[in-house]
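Have a look at the structure below before the remarks.
Laboratory data are not the source of any read-out in this text; all were calculated from the coordinates shown. On a predicted model such as this, the values are computed, not experimentally measured, just so you know.
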Amino acid sequence: MDTMIWGNSVGAWIVALAVGVVSFFIFYYLKKIADKYISFLFSRRPSTAISLVLDLVRQINVYFLILLAILAGSSFLSLPLRLSRAISMLVVLFLLLQVGLWGNKAINFWLTSNIKRKVEKDPSGATMLSALGFMGRLLFWGIIILIALQNMGIEVSALVAGLGIGGIAVALAAQNILGDLFASWSIVLDKPFLVGDFIVIDGYSGTVEHIGLKTTRLRSLTGEQLIFSNSDLLKCRIRNYKRMQERRVVFSFGVLYETPLEKLKEIPDIVKNIVTSIENARFDRAHFASYGNFSLNFEVVYYVLSSDYTVYMDIQQRINLALFEEFKKRDIVFAYPTQTIYVSGAEPISVSLKGQPASEGSE
């Protein structure tokens, strides 16, 4: 026992080792007991506060417990100053890491609990909370790193000043990423669309599934996912159909030139009666609009009192079928592309069919 190791007897090392091992098991089982007790409380009386405490207890890292045990054992030894400082610094660094894990868990817990409530009321609010959570975690870990560097003896003030200059260079290099980040904030605050809205962007259409910090994702009608950069998205003209209270519909049709005048006068009233008889449709006007190349053209305007595209198509189909039925009753014929050729000449023109004698006619 008279043998000396780093200025301490073997007996002192054995005591320190025993204290370290016992301390580790004490810390480890205290964590287990706390986990079971808090789990029991949560099963009896569920609450967000108890759930958060339980998550924080489970977040305790086993390496942090080992370092605490080493620190407890080393207190029974007379170690060289450099080694003692190294152990203390490791403990402080792991303590900061543990605090960082706890803080990160607390931020995630707060985000999760609040986003669930926000999604039901305001989907854009959930996106804003996600962005705030990202910025909060970034700031929190930045503070943890600065404290760790300060404990390591690094001059933090000079580093912060250097980061200010370097930050400008980084900002210039990452201006596209920062542009998307600011664009996401603009979308969240200005709310041109929300999660669940059906929008059209430069010929692409779909339902908004996610508004992220860099991209916005849509689900198209054909099933594929469309991904847009936030900064590019704000440069486009966006049509938001979810906020449409009613849909204005304009459609036209043509009838033959041979249609009698009396029947032409009846057509606007026929269309009006059809539209007004349909639920969720409001008639606006129906007019004999123009003379076409092969038809007399009518233009109809009505409103669908719903933003649902399926409702619009159902109403339009009912109008088309009813119009076809009414025209058939009144012997009004829809026009289709036709061409009439008038031929005149000095000599008679002979026309014959196969197997029949030719007939003469002139005009």
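Brief remarks follow.
- Over the stretch 178-240, all Cα pairs binned in 5 Å intervals from 0 give whole-percent P(r) values of 4, 21, 34, 28, 11, 3, 0, listed from short to long.
- Across the stretch 313-329, rounded Karplus estimates of 3J(HN,Hα) from the backbone phi angles (6.51 cos²θ - 1.76 cosθ + 1.60, θ = phi - 60°) give 5, 5, 5, 4, 5, 5, 5, 4, 5, 5, 5, 4, 5, 5, 5, 5, 5 Hz, Gly and Pro being marked x.
- Three-way shape label, the stretch 1-81, alpha-carbon gyration tensor, a/c 1.5: prolate
- The mean sequence distance of close C-alpha pairs (under 8 Å, at least 6 residues apart), as a share of the length of the stretch 178-240, puts its relative contact order at 34 percent.
- Value of D in µm² per second that Stokes-Einstein yields for the stretch 197-274, Kirkwood Rh from Cα pairs, at 25 °C (0.890 mPa s): 152
- Rg over Rh [alpha-carbon atoms, Kirkwood Rh] for the stretch 199-357: 1.21
- Shape box of the stretch 282-335 [Cα atoms, principal axes, largest first, Å]: 35, 23, 17
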